[in-house]
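Asks: This is the structure I have questions about; it appears just below.
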Amino acid sequence: MTNSYRSKSDKRMSLKEAISVFVQDGCSITFGGMGGAQSIAETHEIIRQKKKDLTMICDSPCEPADMLLGAGAYKRLEIAYVAHVLPGPGYNFRRAFEQKIPFEIEIEEWTNNTIGMRFLAGAMGLPYMPTKSLLGSDYMKINPRIITTTDPYNQEPIALVPAANPDVAIVHVSRCDRKGNSQIFGFSSNIENMVRAAKHTIVTCEEVVSTDVIRRYGNLTLIPEYAVDAVVELPFASHPWNMGYAYAYDFVFAKDYVSQTSTREGFLEWLEEWVYDLPDHEAYCGKVGWDRLKKLEQIERKFTHAPY
């Protein structure tokens, strides 16, 4: 696949189309989001399209990792950890790791910091990044791709981590224009490096705005159009997670998800009800309840104000 999409002046498409075009069986994928801005609607669509044999390269993915593992989409993970904000592990992750359910997966362990450094190397076109953060740890014993060597300048030990260049980056932002110039209000969680390191990038956003609006606050533009292949307007895409300055975390919904997915049968029932039985994200929002979503929006905006 060429990067002809990046030269378009209008990159808008539906989520269904974006996932169908850029997420292919066997590809490697990364998701933005930490402490909010999780790519939940995007994960649901990948599951609906039954993508398989994927590799995830990510720091601390939550639902995107847990759901896709339970749905049997992944064969390999390069991650720091998988968990939820609420008490309780990623149950699908534990079942895959401990019981090989639905099947055995490969896991390559990293830290949050070194995954970020791998994306930085990938974004800069470098083959690796040096770090001292792993020295004194056991990571070199469990991850053979971490190389310990000697700094040629001061003769001290240094660790090298390989660049990460995933096939697809999927990130959710506050707003962008039709070209893909994107702004996120709050913690970026490495998305500025993820999208530059990836071969293709899908940007989903709470709203598409004019380029004039983006230019008016150009200092907030984290992702430039030349790094973007597709733009999808997708309000409430992070639900039940929060989206900074847009809507609050839906703790009740998230608690129900964690509780129901504590068993394999419960997860499959949840998947049927909330993913397979719904044609798209708009139907999901309708099932959650637009009044409920608006309430989450009101709660967030009561305590925060967007920086523009």
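Asks: What lysines sit close enough to LYS302 to cross-link, taking a C-alpha to C-alpha distance under 19 Å and skipping anything fewer than 8 places away on the same chain?
Replies: LYS294
Asks: Show me, for the range 152-168, the HN-Hα J-couplings you get by feeding each phi into the Karplus relation (A = 6.51, B = -1.76, C = 1.60, θ = phi - 60°), rounded to Hz, glycine and proline as x.
Replies: Along the range 152-168, the couplings run x, 8, 10, 6, 9, x, 8, 9, 10, 10, x, 4, 10, 10, x, 5, 9 Hz.
Asks: Still on this structure, I have one more. Peptides 35-44, 295-304: what's the order by average Cβ count within 10 Å, highest mean first?
Replies: Per-residue mean Cβ counts within 10 Å order the peptides as 35-44, 295-304.
Asks: Near LYS295, which lysines are there with a Cα under 21 Å away, not counting those fewer than 8 places off in the same chain?
Replies: LYS255, LYS287
Asks: So if R0 is 35 Å, what FRET efficiency would ILE142 and ASP280 give, r being the distance between their Cβ atoms, rounded to the nearest 0.05? Before the final figure, lay out the partial values.
Replies: Working: r = 41 Å, r/R0 = 1.16.
According to the calculation, E is roughly 0.30.
Asks: Tell me the chymotrypsin sites (Phe, Trp or Tyr not before Pro) within the range 176-244 that lie in a loop according to DSSP and have at most 16 other beta-carbon atoms within 10 Å.
Replies: PHE187, TYR217
Asks: Could you do me a favour and compute the accessible area per residue for the chain, 1.4 Å probe, result in Å²?
Replies: 44 Å²
Asks: Same structure again: Going by average Cβ neighbours within 10 Å, how do the peptides 164-171, 142-149, 260-267 rank, with the highest at the top?
Replies: Ranked by mean Cβ neighbours within 10 Å, highest first: 164-171, 260-267, 142-149.
Asks: At 1.4 Å probe size, with the rest of the protein present, what percent of the exposed accessible area of the range 135-197 is carbon and sulfur atoms?
Replies: Reported share for carbon and sulfur atoms: 51 percent.
Asks: Going through the cross-link list LYS16/LYS199; LYS51/LYS141; LYS8/LYS52, which pairs have a Cα-Cα distance over 21 Å in this structure?
Replies: Exceeds cut-off: LYS51/LYS141; LYS8/LYS52.
Asks: What translational diffusion coefficient, to the nearest whole µm²/s, does the chain have by Stokes-Einstein, given a Kirkwood radius computed over alpha-carbon pairs, a temperature of 20 °C and 1.002 mPa s viscosity?
Replies: Estimated via Stokes-Einstein, D reaches 108 µm²/s.
Asks: Return the distance in nm (one decimal) between the two label points of a simple spin-label model at GLU265 and GLN298, each offset 7 Å from Cα along Cα→Cβ.
Replies: Using points 7 Å along Cα→Cβ, the separation is 4.0 nm.
The values are calculated or read from the model by the stated rules, or taken from the named source; none is laboratory data. Computed from a predicted model, the values in this text were never measured in an experiment. Here the Cβ is made from the backbone with ideal geometry for all residues, glycine too, and neighbour counts use every protein chain on show. Heavy atoms of the whole protein, side chains included, go into the accessibility calculation; ligands, DNA and RNA do not. Shrake-Rupley method; radii C 1.70, N 1.55, O 1.52, S 1.80 Å.
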